[in-house]
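The values are calculated or read from the model by the stated rules, or taken from the named source; none is laboratory data. Nothing here was measured: the structure is a model prediction, and the numbers come from that model. Here Cβ is always computed from backbone atoms with ideal geometry, including for glycine, and neighbour counts include all displayed protein chains. To get the accessible areas, we keep the full protein, side chains included, count just its heavy atoms, and leave off ligands, DNA and RNA. Shrake-Rupley method; radii C 1.70, N 1.55, O 1.52, S 1.80 Å.
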Amino acid sequence: MSAAFAEGGRQRILEQGMALSGLESAPQQADLLLDTLTAAALGWCCREDIPEEMEGVMAVLLAQALKEGNDRPVTTVKRGDTAITYADTGTVDRRTLLAPFVRLKTPERRWEYHAGS
């Protein structure tokens, strides 16, 4: 899936994400991480594009992912039926940030107006 960014949008997101994360040099994984975050955001929002208004949210998500990485502390582990609980890191929920950009999914042509009906 390739996302359509506003002109220069991808680069702006990378630059803002790096600035927000406080990292001095861009990690080599930043591009791949942005691809992964973009795919997840597009899937959640039922979109095929990242509009300019959404770039700030994507930059925040990128910065959060760059700072936290995969090092979330585990608080509890249960063995029967395997339950793992992670500590709350105090970060903003991705769904909350992306909520304004969610589009409703409807079956194609279901709501079409038919002349004469």
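When R47, R10 are checked against the criterion of being closer than 18 Å to F101 by Cα, open to solvent by 50 Å² or more (accessible area, probe 1.4 Å) and basic (K, R), a single residue qualifies: R10. Determine whether A99 is modelled with pLDDT of 70 or more and within 24 Å of G22 (Cβ to Cβ). Criteria not met by A99.
In the condition set (1) in contact with a Lys or Arg (Cβ under 8 Å, 6 or more places away or on another chain); (2) modelled with pLDDT of 90 or more, W44 is compliant with all but (2).
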